[in-house]
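Q: Sharing a structure, written as structure tokens. Questions coming.
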Amino acid sequence: MKIIPEFPEFAAVSASMYKELYPFLNNLPDGVSEFTFLNLYLHRSKYNYEISRLSESTFVVNGRDKKGGFFFIMGGLPEKEHVCSLLKTYGRWKNIGQTHYDACFNCMTEMGYTLQEDRDNEDYLYTRESLASLAGKALHKKRNLANGFENTYTWEIQPLTEQNAADAGFVLDAWVASRGEPADYDQCANALEVIAVTNLEGWIVYVDGTPAAWALGEYIAGGKMFLVHFEKAVDSYRGVYQFINRATARALPDTVEFINREQDLGDEGLRQAKMTYRPSGFVKKYFIMNTEAAG
């Protein structure tokens, strides 16, 4: 039974939609980080996500952020009349991946719309090999920090599962306490709660038996890419972030070519941090604005 209604009807994103959307979304080719069930589900309240079915192979999601209403298309290219209706209602088509950009550029341009690159929301891509080895002069500081953690502490790493999710929660609470802000606390906590019933995969690091760091993500783009949703650590352990970053890459199978570490959202500090790992490229994203939209 299909739970997601047909356009123009929408329904709030819910856990009951998991089987209907996965693995369809995880096999989409571009590797857009927003296009996974987990990202939709974990951010459903933040963006007030609602979803509708345009066809058997195309879904549309609408929501709201600081810039106002928006929608994005997952799967096949929508009909022109659907795009016009959605732009009129929500005003902004965001998260347009390279496949849709190439397919609809001429048509949308002819209709008077301009497709603009969305650098703040483009996902950072790294080769699995580069993060697993941290080889070369450009990454020597990262390598030294990861090696320093490895040589300084008595540590062990285990798969992150339902059985030790509470230990990851301990790390999350320590992380929030040290930074004095909630950040993505709710999304992290929610992800740890649903590990057992989703496709999430992760690892947790212990130092002298005490939980010190964890990372959680999922395979996308047909398994050629691993999307890191969350990476948290107790800040007092020197080199712990570089260590868990490298440990995650080393734990992945050779079939994974790239690691997607999501976007920087225009945060200059986060952008600088992501760039220091020397990305091999980006998951390009574009958007279209309709300044005459009702929303």
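Q: Check the straight Cα-Cα distances from Lys284 and name the lysines below 18 Å, setting aside those fewer than 8 residues away within the same chain.
A: Straight-distance partners of Lys284: Lys94, Lys224, Lys274.
Q: With the dipole of the chain worked out from charges on the C-beta (+1 for Lys and Arg, -1 for Asp and Glu) around the Cα centre, which of Ala183, Val240, Gly68 lies farthest toward the positive end?
A: So the residue furthest toward the plus end is Val240.
Q: Counting only DSSP beta bridges with both residues in region 123-262, what percent are antiparallel, rounded to the nearest 5?
A: 90
Q: Which of Arg261, Arg179, Arg119 moves the most in a Gaussian network model of the chain with Cα springs under 10 Å?
A: Arg179
Q: Still on this structure: Report, to two decimal places, the Cα Rg of region 30-158 normalised by 2.2 N^0.38 Å (N = number of residues).
A: That ratio works out to 1.44.
Q: Please identify, among Gly222, Gly202, Gly112, the residue showing maximal mean-square fluctuation in a Gaussian network model of the chain using a 10 angstrom Cα cutoff.
A: Among Gly222, Gly202, Gly112, the largest mean-square fluctuation in the Gaussian network model of the chain belongs to Gly112.
Q: Same structure, new question: Exposure proxy check: His100, His43, His140 ranked by fewest other beta carbons within 10 Å?
A: His140, His43, His100
Q: Over region 123-262, what is the relative contact order in whole percent, taking alpha-carbon pairs under 8 Å and six or more residues apart?
A: Over region 123-262, the number comes to 36 percent.
Q: So what is the relative contact order of the chain, in percent, for Cα pairs below 8 Å that sit 6 or more residues apart?
A: Result for the chain is 26 percent.
Q: Now for a different question. Is the shape of the chain best called rounded, prolate or oblate, per the rule: a/c under 1.5 gives rounded, else a/b larger than b/c gives prolate, else oblate, with a ≥ b ≥ c the square roots of the Cα gyration tensor eigenvalues?
A: Since a/c reaches 1.5 and a/b is larger than b/c, the shape of the chain is classed as prolate.
Q: While we're here: Please get the size of the charge dipole for the chain, origin at its Cα centre, with Cβ charges of +1 on Lys and Arg and -1 on Asp and Glu, quoted in debye to the nearest 20.
A: 680
Q: Mean Kyte-Doolittle of at least 0.0 and a Cα length of 20 Å or more along the axis: which whole DSSP H helices of the chain meet both?
A: 165-179
Q: A further question on this structure: Quick one: net charge of Ile157's neighbours, Cβ under 14 Å, K/R +1, D/E -1?
A: Cβ neighbours under 14 Å give a net charge of -4.
Q: Where Lys and Arg each count +1 and Asp and Glu each count -1, what net charge lies around Gly222 among other residues with Cβ under 14 Å from its Cβ?
A: Computed value for this residue: -2.
Q: Okay, moving on. Taking the Cβ of Gly209 as the centre, find all other residues whose Cβ is under 11 Å away and add up their charges (Lys, Arg: +1; Asp, Glu: -1).
A: Neighbour charge sum, excluding Gly209 itself: -3.
Q: For region 72-185, what's the relative contact order in percent, using C-alpha pairs closer than 8 Å and at least 6 residues apart?
A: In percent, rounded to a whole number, it is 12.
Q: May I pose another question? Test of understanding: express the Cα radius of gyration of region 123-262 as a ratio to 2.2 N^0.38 Å, with N the residue count.
A: Taking the Cα Rg and dividing by 2.2 N^0.38 Å, one obtains 1.00.
Q: If neighbour count is taken as other Cβ atoms inside 10 Å, put Ile220, Ile73, Ile4 in order from fewest to most.
A: With the sparsest Cβ surroundings first, the list reads Ile4, Ile73, Ile220.
Q: Can you tell me the dipole magnitude for region 123-262 around its Cα centre, using point charges on the Cβ only (Lys, Arg +1; Asp, Glu -1), in Debye to the nearest 20?
A: Its charge dipole is roughly 760 debye.
Bear in mind that the values in this text are calculations on the coordinates, not laboratory data. Note that the structure is predicted; figures quoted are calculated from it, not measured. Here Cβ is always computed from backbone atoms with ideal geometry, including for glycine, and neighbour counts include all displayed protein chains.
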